Amino acid sequence: MKKILLIIFTILIYSNNFSQEHKSIHELDREAHKHLLLEKSARENVSAEIVPLNKNVTKNLSKSVFGYLPYWEYANRADESFNFDLLTHIALFDFQASSTGAISEPVNPAWPWTDLINKAHNSGTKIIMVITNFDGNSIHSIITGPTPRWIFMNRVKSLIKENSFDGVNIDFESLNTADRGDLIIEFMQELSDTVHNISPDLEVSYAAPAVNWGGWNFNGLAQSCDYLFVMGYDFYGSWSSTTGPTAPLSGGTYNVSNTINTQYGTLSTFYPEKLILGVPYFGPHWETANTNEGSAINKFVTSVRFKDAQPFSETYGIKWSTFFKNSWYTYSTGSTVNQVWYDDSSSMSLKYDLAISKKLKGVGMWALGYDGARKELWNLLEEKFVIPVGVEEEKNVPTDFALEQNYPNPFNPTTTIKYSIAANTKENFQIVQLNVYDVIGEKVAILVNEIKSSGNYEVNFDASRLTSGIYFYRLSYGNNSLSRKMLLIK
């Protein structure tokens, strides 16, 4: 009986520890580095013109790899340790938006970061502008005020053209609850239209929270832009009462698996190409009551970066939490007990496996440079996402694998669905599945379930027996899958 009560008590502690919104690591790290704007001398930059993205370079990667690069890491020349072959996107953090819609460039190091941009573009890596605001009232002004909104959109266009950016990532946090639904969706849709009018190749994305604490419409938000960067961290931090990892894969009510499978369940099931899973290159350090996992916390010390945590873990001995599926270590300084939880290559590997198994668009990290000159995390990216030479590239959405929008749509009661199957060098034939699902994910029709060779196909769907509403149809073939939405109106 005592053992059962202890288990229940432990679960309650873990479940309730992450139960409200807090400042994200993006905001906290920026606050911690404000002094750089005054004290850090500008990094020397080249005077050469910015070159556009070299589209002739093909990344030998099965997923997108999207890394945030904060200005303080650029100032420290972190990019000198980058493996650009393993990065599809570098997101420059940050361009700050004010309540008037004005957007300021990074003050120091001196803008533009021409050397970095050209190095990335020459290697085929896209450069994304990250626009930030962490104040709910300021964000409300930007997304609802006609004048601030107009100023914002035009400034975005100017910055993209002036710097040959390949897209924009919006990192608006602490939104008022009332602004998290239609208002931010309408704003992002206008931004997407504005940016895509410059070029359809440009990308628009949003940095989205791990948990919907109220008001968010993640499905609508994803449809209003090209994809979401899901900040899959900050589950534990300075606000916590017991120790645990910033990005637990399992354990408790809220964790990374819950984020992908439940919080973003519809998207990860039907539109996985809309999601990038963000992982942490950092972890919390506390002074604790004891050396046990889940110990009570006496004091939050700092956020430790991988480049510092990894060598300390090798000194003090790495521990593994089967509850959280995460690495950590503990040590004492005099009578003070310390615990540090962080992701090493073992725990990070499991998160990448989740992204792969769910066929997400890719993975990303906060933040590039936090691993210093160490190679463990670069090696892991190579292990998980580099396609071996001589093996056909397998992507979720190859250019010759397609699922078209049904026609007519809306329809009553019949419609036609066209799809294309890519050639496969390893097998001439594979099983193709085309199924229809209702809004809660229940399979309501099997349209195709047979072996097919590469080619173009179409199938007629008769929904006479179904009620009016939204339905999803999903095509699966080997490692590829695509989904679309259709509307039945009777």
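Here, each number is a calculation from the coordinates, and none is a lab measurement. In this text, all values refer to a predicted model and were calculated from it rather than measured experimentally. Here the Cβ positions follow ideal geometry from the backbone for every residue, glycine too, while neighbour counts run over all protein chains shown.
So for region 2-385, taking the charge dipole from beta-carbon charges (+1 Lys/Arg, -1 Asp/Glu), which of S164, H121, F385 sits furthest toward the positive end?
The Cα lying farthest towards the positive end belongs to F385.
Below 23 Å, Cα to Cα, which lysines can K59 reach? Residues fewer than 8 away in the same chain don't count.
Excluding near neighbours in sequence, the set is K119, K126, K274, K351, K358, K359, K361, K375, K384, K395, K426.
Would you calculate the separation in nanometres between label points at N292 and L487, each defined as 7 Å from the Cα along the Cα-to-beta-carbon direction?
Label-label distance for N292 and L487, simple model: 5.7 nm.
For region 2-385, taking Cα atoms only, what is the radius of gyration to one decimal and the Dmax to the nearest whole Å?
Spelled out, the Cα radius of gyration and Dmax of region 2-385 are 20.5, 70 Å.
For the chain, give me the percentage of DSSP beta bridges that are antiparallel, rounded to the nearest 5 percent. Write down the numbers at each step before the final one.
Numbers: 59 of 98 bridges.
Antiparallel bridges: around 60 percent, rounded to the nearest 5.
Give the separation of the Cα centroids, region 308-342 to region 187-224, in Å.
38
For a quick check: with amide H placed at 1.01 Å from N, whose amide H comes under 5 Å from S64's, ignoring anything fewer than 5 positions away on the same chain?
Counting only residues 5 or more places away or on other chains, the set is G362, V363.
With Kirkwood's inverse mean 1/r over C-alpha pairs for Rh, give me the Rg to Rh ratio of region 402-488, two decimals please.
Values: Rg = 13.1 Å, Rh = 13.3 Å.
That ratio is 0.98, to two decimals.
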